[in-house]
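The values are calculated or read from the model by the stated rules, or taken from the named source; none is laboratory data. Everything numeric in this text was worked out from a predicted model, so none of it was measured. Virtual Cβ from ideal backbone geometry, glycine too; neighbours counted across all protein chains shown. The area values use the complete protein model at the heavy-atom level, side chains included, leaving out ligands, DNA and RNA. Shrake-Rupley method; radii C 1.70, N 1.55, O 1.52, S 1.80 Å.
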Amino acid sequence: MDSTQPPAPAPAPALRPAADAVVRLLGGVDDARLEAPTPCPDYAVRELLGHLSMLATAFRDAGRKDLGQTTNTAPDSARPVLERDWRDVLPVRLRELATAWSRPEAWEGMTRAGGVTMPAEIAGRVALDELIVHGWDLAVATGQPYDPPEDGLRVAHDLLAAAGEDDPTRGTIFGPPVPVPADAPLLDRVVALSGRRPDWSPR
């Protein structure tokens, strides 16, 4: 084997399992829960769902390289607004996001999301991280079990562990890491790296 050859690039992760895990949570969100608090300090469940809808659209279009208003808008530029037909629209957008990033060409070149231009291979991983972490936000805020894919958790962990304070994966939604034991479950470590307390409760 030629040791001068560069290492093969890591295979692109699949977003479908993480998107499906979030979709499964949507059916457990009744109207009475829309004003419930979430681990995102300024978001009730309503705003969290609105944010999920916005990010699904933005990263779907980033994967398609369909750049424009949806990919140029920073996530903190306005408070998320939940559409009245979100129960119909949001599952479709989440699945469209996963489909967009199932194409090999989605991971090639540069793209843009949240007003940030970045390599597509990074943008796809950011999208997966957003699904994993905000899926947890929604699950704990609405009292539902959450079982994200382990390979997606590993991608999210590696991305967040490498992120600095000025990294585009951080901002108003992802804060400074919270200390947890080194042997904590992988989901807890991901949640903590995103700036959340794994033992967060709405009560």
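Structure notes:
- Of all the numbered requirements in (1) part of a loop (DSSP other than H, G, I, E, B); (2) open to solvent by 20 Å² or more (accessible area, probe 1.4 Å); (3) farther than 15 Å from Leu48 by Cα, Ala184 misses one, and that requirement is (2).
- Any hit, segment 84-97, residues being modelled with pLDDT under 95 and under 24 Å from Val45 (Cα atoms): yes
- Condition met for Leu55 (part of a loop (DSSP other than H, G, I, E, B) and either among the polar types (S, T, N, Q) or in contact (Cβ under 8 Å) with a residue 24 or more places away in the chain (or both)): no
- Those residues of segment 120-147 which are more than 17 Å from the chain's Cα centre (by Cα) and open to solvent by 10 Å² or more (accessible area, probe 1.4 Å), in sequence order: Gly143, Gln144, Pro145
- Among the residues of segment 187-203, those identified as open to solvent by less than 80 Å² (accessible area, probe 1.4 Å) and either on the phi > 0 side of the Ramachandran plot or without any contact (Cβ under 8 Å) to a residue 40 or more places away in the chain (or both) are Asp188, Arg189, Ala192, Leu193, Gly195, Pro198.
- Count of residues meeting criterion [part of a helix (DSSP H, G or I) and open to solvent by less than 20 Å² (accessible area, probe 1.4 Å)] in segment 42-52: 6
- Applying the condition of being of a type in the set (Gly, Ala, Ser) and within 14 Å of Pro75 (Cβ to Cβ) to segment 125-184 and asking which residue is modelled with the lowest pLDDT yields Gly171.
- Residue count, segment 69-88 (criterion: farther than 20 Å from Ile122 by Cβ and open to solvent by less than 20 Å² (accessible area, probe 1.4 Å)): 2
- Residues being open to solvent by 10 Å² or more (accessible area, probe 1.4 Å), modelled with pLDDT of 95 or more and among the hydrophobic types (A, V, I, L, M, F, W, C) - total across segment 102-117: 2
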